[in-house]
Each structure stands twice: as structure tokens, then as C-alpha cells.
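Notes to accompany the following structure.
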Amino acid sequence: MKSVGRKILLFGLTAVMSVSLAACGSKEESTGGTSAAGSDTAAAKENEGDVTAGGTYTAGTYTATAKGNNGDVTLEVTFDSDAIKSIEIKEHGETPGISDAPIAKIPELIIANQSLNIDAITGATNTSNAILNAVADAVNQAGGDAEALKKVEVADNKTAGEAVEKEADVIVVGAGGAGLASAVSAAEEGASVIVIEKNPYIGGNTVRTGGGYASCDPEAISIHEMTAGQMAEIEGLIARETDNETVKGWQKKVAEDMEAYKAEGKTQVYDSLEYMSLQYFFRFSQAADPELLYDLVSKSKPTKEWLGELGFEWTDSPSLLLGDTWPRWFSSVSAHGGDGFISVFTDAIEEKSYNVEIIKEVRANELLTADGKVVGVKATASDGTEYTLNANKGVVLATGGFSANKEMLIEYSDGRWADISKLQTDNDPAMVGDGIKMALEVGADVVDMGHLQLVPTCDPKTGDAYPFIGTGTNLYVNKEGKRFVNELSDRDTLSNAALAQTDGIFYMVCDKNNAGVGEDGTTYGGQNIQDLIDAGIVVKADTLEELAELIGVDSAAFVETIEKFNEAVKTGSDPEFNRASFGGDFINPDGNPGIFEAPFYAGARTPSAHITKGGLKVNTSAEVIGTDGNTIPGLCAAGEVTGGRTVAGLLEAMTSGRTAGKTVMGK
Ligand SMILES: Cc1cc2nc3c(=O)[nH]c(=O)nc-3n(C[C@H](O)[C@H](O)[C@H](O)COP(=O)(O)OP(=O)(O)OC[C@H]3O[C@@H](n4cnc5c(N)ncnc54)[C@H](O)[C@@H]3O)c2cc1C
């Protein structure tokens with residue numbers, strides 16, 4: 001697998017990117033060819049005396065730094081006396097995948113237009129602005145006039161090309177995790193595949209994730225000792241009332257397993273396909289279709305193994321993740337986050353020379369049908385070029401959820417969240433439900449559309465889940481300095497509890513050992529901890545009293561809360577909130593969430609719209625089901641665009657994507 005650790009990735013291999021003027025054509029072409037007429041345009045200045053709007057520069061190379069999404073972006077800009085000649089990004093901690101487009105495009109556009117009047121890339125605004133701000137700084141250092149360059153008009157190069165018509169066995173809409181999984185899975189069956197992606201970058205929400213993949217693996221999970229709280233949870237779930245015969249069957253099987261477990265004197269954490277299904281069924285409103293849910297759970301380990309065969313390097317020890325009580329989450333050892341779930345497929349496509357073409361900046365807007373079958377997709381490129389994509393075998397919709405579409409969230413709201421209009425989201429702005437709308441037009445049915453999951457641990461200023469330190473299983477403290485919830489509750493419970501606190505805000509608290517900050521001051525997410533402190537996202541202190549003061553909560557109440565929590569960590573018993581486990585978490589598998597050793601950290605958090613669990617009705621083969629109850633020939637759907645399982649995330653994206661690729665090829 002080519003992917004390397006995020007810290008290395010960010011500060012080493014991909015961080016250096018250079019664009020030279022030579023690569024973009026001569027100065028005459030770049031200035032004269034791209035500027036509109038007008039007294040302050042680069043072209044006009046050039047006519048006046050061969051000087052761009054930025055004025056003259058003291059030739060040389062200048063270093064400048066500006067704040068990006070995850071900290072500093074540092075670049076070098078080289079000038080001759082009258083032009084910006086090259087921009088080299090030297091160092092950054094921006095999110096891989098999402099930052100690729102601004103890093104590739106913004107320097108190129110600045111140089112081609114000799115302008116700082118460049119639009120930020122949607123979905124990557126902070127990275128785009130960091131590059132623009134740092135170049136502006138370098139312009140001023142070189143004696144130029146950055147303000148004047150911000151007014152230089154940029155030619156609108158968005159002229160639609162000739163209409164494009166293409167054909168492949170399979171057309172996949174959306175290059176996130178599910179889309180790429182289905183593309184590779186279909187390619188394994190010999191398919192030619194075209195994947196279209198409306199963003200200028202691939203990865204969707206998948207690349208934004210913390211990278212946690214839930215898998216049912218009873219042997220792997222048995223490295224953990226079962227706690228009294230976990231045992232109580234099993235007994236509680238066996239006893240829950242249900243009318244559903246399938247679910248009753250799961251309860252019976254788990255009860256039998258537990259009898260044997262006790263008889264054999266076992267002490268490790270128990271897991272089984274039936275238990276994981278049972279947990280998810282009751283945790284998520286009992287709304288799941290049991291057949292779909294069990295299918296998902298059954299495919300978790302085989303799909304994990306498939307990813308491993310493709311080159312994904314898994315962690316050995318499963319651990320806890322926000323919203324779960326069972327330590328069954330695996331991640332990549334080499335890529336801390338979601339990028340491993342994208343690069344595993346792009347690497348496989350390249351290494352195995354699969355016939356898969358990925359076309360970016362092309363948005364699907366209609367499904368083409370013939371004789372009741374879906375036979376292709378109509379799409380439009382960002383420059384207006386029309387695309388007709390014909391599918392010999394079928395189409396896979398993998399367009400993700402709709403958390404970034406406020407109107408749809410409100411329209412389908414089931415009343416679970418009181419004031420959706422005020423909610424921010426941590427999603428990529430592309431998640432607006434395109435696939436659902438297109439499928440509804442060809443008669444598809446939808447299920448559970450109101451089931452919006454919030455994630456409680458987002459930044460109150462931006463709504464984003466990252467950057468941060470620690471994980472969602474750390475200690476939560478409200479503005480009164482008090483703990484208010486069992487931090488291992490399901491996400492709906494956590495979000496409801498968080499929204500009920502003063503200002504809907506709480507503080508996530510961690511210490512030296514569970515903050516995920518390395519010796520070099522780099523966080524698990526690859527940022528410099530000092531950048532997060534400077535940005536006001538995290539506060540750091542050497543004493544608990546100082547930490548309380550920095551976040552503005554009552555010091556005595558705060559210290560008392562920490563002492564009680566630490567006691568619960570030490571004894572494994574939490575009489576106040578009944579937390580079932582105090583074992584290690586996702587980024588600290590061998591540790592605990594106690595607040596024992598300085599430095600101590602805290603940061604304000606609030607819930608954001610995170611996952612839309614409802615979506616297109618599908619069967620276990622990923623075929624889309626119509627309102628007439630029949631499958632729609634030629635149409636599959638995978639990932640968060642689907643509904644019925646009530647378990648979305650990487651597990652759903654990977655398993656259903658793999659299935660869709662096979663089904664569409666008739667396997
Ligand atoms: C911040 C964050 C952290 C998360 N962490 C985790 C985690 O640790 N573990 C976990 O299991 N889940 C996690 N999730 C949930 C998980 O990211 C998603 O459920 C999953 O990635 C969805 O995969 P997908 O392939 O269905 O959609 P996506 O990965 O979102 O991909 C959909 C793609 O379709 C494209 N698209 C949309 N419309 C069109 C169109 N009309 N034409 C062309 N392209 C289109 C989009 O641009 C996008 O690239 C997290 C989510 C977020 C937001």
C-alpha cells in the first residue's frame with residue numbers, strides 16, 4: 001500500500017508542490033490572455049509599461065505563512081522584477097484529499113492570471129484562503145502591491161466544450177468510499193468503469209472521517225476484558241421487548257452463547273453477528289430492516305479482509321469509538337483518518353491497471369432510462385460541458401448523504417431534533433442528496449428519511465468535527481464544570497444531552513496520555529498542537545485549576561468532577577453515569593480516558609448534522625427498490641445515499657459498495 005502515515009504524508013511527500021510560470025506559458029500569454037479590459041487589469045498595466053498590477057518586485061524568493069484549516073500553510077514565492085514566477089507549498093497540515101484541489105489549482109491560477117482575485121475552492125475554503133493570504137504576504141515582502149493584485153480581474157475560462165458521450169460497462173456516480181469500492185469491485189469482475197465526481201477532488205465525506213471501521217471479529221475483540229457494565233448491557237438487550245421474530249432469534253442465540261460463556265468461565269469481551277446486530281437494532285430506534293442490518297454486519301469482516309488484500313494495513317487491536325460501548329473499531333496503521341479508505345482503491349486501480357476512469361468536476365443530474373431500465377447518466381461539467389454516459393450493465397449511485405442540504409433536512413425531519421435550521425454540519429458541502437433526487441425521478445422508494453444523526457463533538461464556530469485532539473470517548477464537562485452524560489452513550493443520547501447544556505456547549509477534556517499528541521507536538525490528526533491552541537480550538541494547562549480558568553468554568557466544581565471521574569476510571573465503576581468501559585479508545589488503544597497527567601487539554605464542542613441514515617430503499621444485493629416494491633433494473637446504490645440499515649459510515653460504504661460492484665456485473 002502506498003499510503004504513508006499522515007504526519008509523514010503532510011510534512012513530507014505531498015507537501016511540496018511547485019507551479020512554475022514556464023508550465024503555464026509565457027508572461028505575455030498569461031497576462032494578456034487572461035485579463036479582461038479595464039484600467040486596473042494586468043493586461044492594461046502591461047500595456048502601460050510591462051508591469052503587472054502588483055507593481056514591480058525585488059526579484060528573489062520569499063517565504064510566507066498563513067493559517068489554513070489545520071494550522072500553518074507555509075510557501076515560497078519566487079518573483080522576477082515584474083511577475084510572480086513560481087509558488088511552492090513547503091509545509092502544511094491540511095486534510096489530504098480535500099486540500100489537493102486548492103494546492104494544485106490556486107497557485108496555478110495566481111500565476112496564470114498574475115492576480116490574487118481567485119475564488120476559493122468550494123469545500124476547501126480555508127486552505128484556498130491560506131494560500132492566497134500567504135502569497136499576498138510574499139507579494140508585499142517583495143515590494144509589490146497585494147491589494148492591487150486582489151482587484152485584478154480573472155478571465156472566465158469556463159466555456160463549455162463540445163458535448164461528450166462516453167460508454168462503459170458501469171457508470172458510478174460519486175468518488176467517495178462507496179463509489180470507489182463499487183468501481184474496484186466491478187473492475188475485479190472485468191468491468192470497464194467510469195466514475196464521475198462533482199468535486200474537484202475525490203473522497204467525499206469518506207476522506208473527512210476519523211477512519212474508524214466497525215467489524216464483528218469475536219477473536220480480535222477478545223483481547224479486551226469484559227466489564228460489569230458491558231455484561232449488564234448484554235443482559236439488558238437479551239431482555240428487551242420486541243415483536244420482530246428475527247430480532248427474537250438474535251436474542252435467543254446471544255442468550256445461549258452467554259450461558260456457554262459463563263459455564264466456560266470466560267472473561268473477555270463477547271461478540272457475535274447476532275449481538276452486533278442486536279446492539280445496532282436497539283441503539284438506532286429499532287428502525288432497521290433486520291435482514292439488511294444482519295447482512296451488513298455479516299459482511300463487515302470479509303470486507304475488511306478484502307480491503308486488506310487490496311493493501312489496506314489494519315490495526316490489530318480493535319478499540320472504542322464515539323457513540324459505541326463495544327471496542328470493535330479498527331483503523332489504518334498508516335493513514336490516520338479516512339484517506340486510507342480512498343487511496344486503497346486509487347492505488348489498486350493503478351497497480352492492477354483496472355479499466356477505471358475517474359472524471360472530476362462532472363455532476364450527474366439525471367438517470368437515463370430505456371424500456372424501464374436505467375441505462376446511463378446525464379451530467380454537466382463545471383465548465384458547462386454536457387456529458388452523456390452510457391452504461392452497458394448498469395449505474396451505481398454513491399452520492400453520499402444530505403446533511404449539507406438544510407431544506408431536505410427540514411422537509412424530511414421526523415421531529416427528532418428540535419431546531420434543524422440552526423444546525424451546522426461537519427459534512428463536505430457536496431452532500432446535498434443529488435442521488436436521492438435523481439432516483440426518485442425514476443420511481444425509487446426511500447426509507448427512514450428523518451433519521452438524522454448528529455455528532456456531539458464539533459467545533460462551535462465552524463460546525464466541523466476536526467481539527468481536535470483526543471476522541472469523543474474522552475470526558476465531557478459542561479460550563480458549570482460538571483459531567484452530564486455517560487460519554488459512551490449512543491450519539492443521539494449524547495447530542496440531546498449536549499444540546500440541553502448551557503449554550504449547547506461542553507468541553508472535551510483529556511490529558512497527556514489520551515490527547516493523542518506526540519512528543520513532537522503533532523496531534524493524531526497531523527496538526528501542530530500549538531496551532532490549535534493559537535486558533536483557540538484547544539486550551540492547555542499544567543494544572544486542573546488553570547485549565548478550568550482558561551475555559552471559564554468554576555474551578556472547584558471542575559476539579560471535583562475530574563477527581564470523581566478518575567476514581568471511576570481506577571475502579572471501573574461509575575455509579576453516577578454507568579459508563580460501561582474505561583478502556584483505551586480509538587487513538588489510545590492501550591490506555592484509559594482518565595485525567596491524571598499534565599499537560600491537560602480542553603476544547604469547546606457542540607453537535608452538528610453528521611450522517612443521514614435514511615435514503616434509497618435497497619435490498620442486500622444493493623439493488624434499488626421502486627415504490628411498486630420491485631427492483632429498478634440497471635440501478636444499484638451504495639453508501640450513505642441508501643437507507644434501511646440505520647448504520648451508515650465506513651462499514652456501510654465499504655460493504656455495500658463492494659456488493660454493488662458485483663451485482664451490477666451480474667455476480
Ligand atoms: C467528519 C466526519 C467524520 C466521520 N467519521 C467516521 C468514522 O470514523 N467512521 C465511520 O464509519 N463513519 C464516519 N463518518 C461517516 C462517513 O464519512 C460516511 O457515512 C461515509 O464516508 C459515506 O461514504 P459514501 O461513499 O456513501 O459518501 P461520500 O464519501 O460522502 O462520497 C459521496 C461522493 O459523491 C459525490 N457526489 C454527490 N453528488 C454527486 C453528483 N450529482 N455527481 C457526481 N458526484 C456526486 C460527492 O462529491 C462525494 O465525493 C464520518 C463523517 C464525517 C462527516
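The values are calculated or read from the model by the stated rules, or taken from the named source; none is laboratory data. None of the values given here were measured: they were computed from a predicted structure. Counting neighbours? That spans all protein chains shown, and the Cβs are built from the backbone with ideal geometry, glycine included.
Can you pull out the residues in segment 79-115 that are touching a Phe, Trp or Tyr at 6+ places or on another chain (Cβ under 8 Å) and among the charged types (D, E, K, R)?
80, 82, 85, 91, 100 - these are the residues of segment 79-115 that are touching a Phe, Trp or Tyr at 6+ places or on another chain (Cβ under 8 Å) and among the charged types (D, E, K, R).
Return a yes/no flag: does segment 297-304 have any residue that is within 22 Å of residue 580 (Cβ to Cβ), surrounded by fewer than 22 Cβ atoms within 10 Å (Cβ to Cβ) and β-branched (Val, Ile, Thr).
No, the conditions are met nowhere in segment 297-304.
I'd like the full set of residues that are at pLDDT below 75 and surrounded by fewer than 24 Cβ atoms within 10 Å (Cβ to Cβ), limited to segment 38-89.
Listed by number, the residues that qualify are 38, 39, 40, 43, 44, 45, 46, 47, 48, 49, 50, 51.
Among all residue pairs at least 6 apart or on different chains, which show Cβ distances below 6 Å where the first residue, located in segment 499-521, is farther than 19 Å from residue 545 by Cβ and the second is exposed (fewer than 12 other Cβ atoms within 10 Å of the Cβ)?
Listed pairs, sorted by first residue: 513/597.
Is it true that some residue in segment 462-473 is out of contact with any Leu (no Cβ under 8 Å at 6 or more places or on another chain) and not in a loop (DSSP other than H, G, I, E, B)?
No; the residues of segment 462-473 include none that is out of contact with any Leu (no Cβ under 8 Å at 6 or more places or on another chain) and not in a loop (DSSP other than H, G, I, E, B).
Among the residues of segment 567-593, which ones are touching an Asp or Glu at 6+ places or on another chain (Cβ under 7 Å) and part of a loop (DSSP other than H, G, I, E, B)? Before the answer, list the steps.
Start the filter on segment 567-593 by keeping residues that are touching an Asp or Glu at 6+ places or on another chain (Cβ under 7 Å), which leaves 568, 579-580, 584, 593.
Selection gives 579, 580, 584, 593.
Please identify the pairs in which a residue from segment 203-221 that is among the aromatic types (Phe, Trp, Tyr) has its Cβ atom under 9 Å from the Cβ atom of a residue that is in a helix (DSSP H, G or I) and within 7 Å of the ligand (Cβ to nearest atom), counting only partners at least 6 apart or on another chain.
Going by the 9 Å Cβ cut-off, the qualifying pairs are 213/650; 213/651.
Given the criteria among the hydrophobic types (A, V, I, L, M, F, W, C), out of contact with any strand residue (DSSP E or B) (no Cβ under 9 Å at 6 or more places or on another chain) and within 16 Å of the ligand (Cβ to nearest atom), does residue 368 qualify?
Considered against the rule, which asks whether it is among the hydrophobic types (A, V, I, L, M, F, W, C), out of contact with any strand residue (DSSP E or B) (no Cβ under 9 Å at 6 or more places or on another chain) and within 16 Å of the ligand (Cβ to nearest atom), residue 368 comes out as no.
Residues 448, 426: which one is within 15 Å of the ligand (Cβ to nearest atom) and within 23 Å of residue 98 (Cα to Cα)?
Numbers: 448 fails: within 23 Å of residue 98 (Cα to Cα).
That would be 426, the only listed residue that is within 15 Å of the ligand (Cβ to nearest atom) and within 23 Å of residue 98 (Cα to Cα).
What number of residues within segment 579-599 satisfy the criterion of being in contact with a helix residue (DSSP H, G or I) (Cβ under 7 Å, 6 or more places away or on another chain), more than 21 Å from residue 560 (Cβ to Cβ) and surrounded by fewer than 23 Cβ atoms within 10 Å (Cβ to Cβ)?
1
Anything in segment 223-267 that is over 23 Å from residue 289 (Cβ atoms), touching a residue at least 40 places away in the same chain (Cβ under 8 Å) and of a type in the set (A, V, I, L, M, F, W, C)? List them, or say none.
Matches in segment 223-267: 223, 226, 228, 232, 234.
Taking into account only those residues within segment 248-288 that are small (Gly, Ala, Ser) and closer than 13 Å to residue 326 by Cβ, which is surrounded by the fewest Cβ atoms within 10 Å (Cβ to Cβ)?
Among them, the one singled out is 272.
Counting just the residues of segment 644-659 that are over 15 Å from residue 403 (Cβ atoms) and not in a helix (DSSP H, G or I), which one comes out nearest to the ligand (Cβ to nearest atom)?
647
How many of the residues in segment 629-667 are touching a residue at least 60 places away in the same chain (Cβ under 8 Å) and either under 21 Å from the mean Cα position of the chain (by Cα) or under 19 Å from residue 211 (Cα atoms) (or both)?
Residues that pass the stated criteria total 20.
Could you check segment 652-662 and list, in sequence order, the residues that are out of contact with any helix residue (DSSP H, G or I) (no Cβ under 6 Å at 6 or more places or on another chain) and surrounded by fewer than 24 Cβ atoms within 10 Å (Cβ to Cβ)?
Once the filter is applied, which keeps residues that are out of contact with any helix residue (DSSP H, G or I) (no Cβ under 6 Å at 6 or more places or on another chain) and surrounded by fewer than 24 Cβ atoms within 10 Å (Cβ to Cβ), segment 652-662 yields nothing.
Restricting the first residue to segment 67-81 and requiring it to be in contact (Cβ under 8 Å) with a residue 60 or more places away in the chain, which pairs with a second residue that is in a strand (DSSP E or B) and among the aromatic types (Phe, Trp, Tyr) meet a Cβ separation below 6 Å and a spacing of at least six or different chains?
77/62
Looking at the structure I just gave you, is residue 564 surrounded by fewer than 24 Cβ atoms within 10 Å (Cβ to Cβ), more than 13 Å from the ligand (Cβ to nearest atom), free of Cβ contacts under 8 Å to residues at least 40 places away in the same chain and more than 24 Å from residue 438 (Cα to Cα)?
No.
Filter segment 425-444 for residues that are surrounded by fewer than 18 Cβ atoms within 10 Å (Cβ to Cβ) and touching a residue at least 12 places away in the same chain (Cβ under 8 Å) and give the result.
If the condition is that a residue be surrounded by fewer than 18 Cβ atoms within 10 Å (Cβ to Cβ) and touching a residue at least 12 places away in the same chain (Cβ under 8 Å), then 429, 441, 443 are the ones that fit.
When segment 600-643 is examined, which residues are found to be part of a loop (DSSP other than H, G, I, E, B) and either modelled with pLDDT under 95 or surrounded by 21 or more Cβ atoms within 10 Å (Cβ to Cβ) (or both)?
The answer is 613, 614, 617, 622, 638, 643.
Collect the residues in segment 306-364 that are in a strand (DSSP E or B), within 24 Å of residue 98 (Cβ to Cβ) and either without any contact (Cβ under 8 Å) to a residue 60 or more places away in the chain or hydrophobic (A, V, I, L, M, F, W, C) (or both), keeping them in residue-number order.
314, 329, 330, 356, 358, 359, 362, 364
Given the condition under 28 Å from residue 319 (Cβ atoms), hydroxyl-bearing (Ser, Thr, Tyr) and in contact (Cβ under 8 Å) with a residue 40 or more places away in the chain, answer yes or no: does some residue in segment 167-184 qualify?
Scanning segment 167-184, I find no residue that is under 28 Å from residue 319 (Cβ atoms), hydroxyl-bearing (Ser, Thr, Tyr) and in contact (Cβ under 8 Å) with a residue 40 or more places away in the chain, so the answer is no.
For residue 457, work out the one condition from (1) at pLDDT 95 or above; (2) assigned by TED's automatic domain parsing to the domain that holds residue 664; (3) more than 8 Å from the ligand (Cβ to nearest atom) it doesn't fulfil.
Condition not satisfied by residue 457: (2).
Which is assigned to a loop (DSSP other than H, G, I, E, B), away from the ligand (no atom under 14 Å from the Cβ) and among the polar types (S, T, N, Q), of 421, 403, 413?
From the options 421, 403, 413, the qualifying one is 413.
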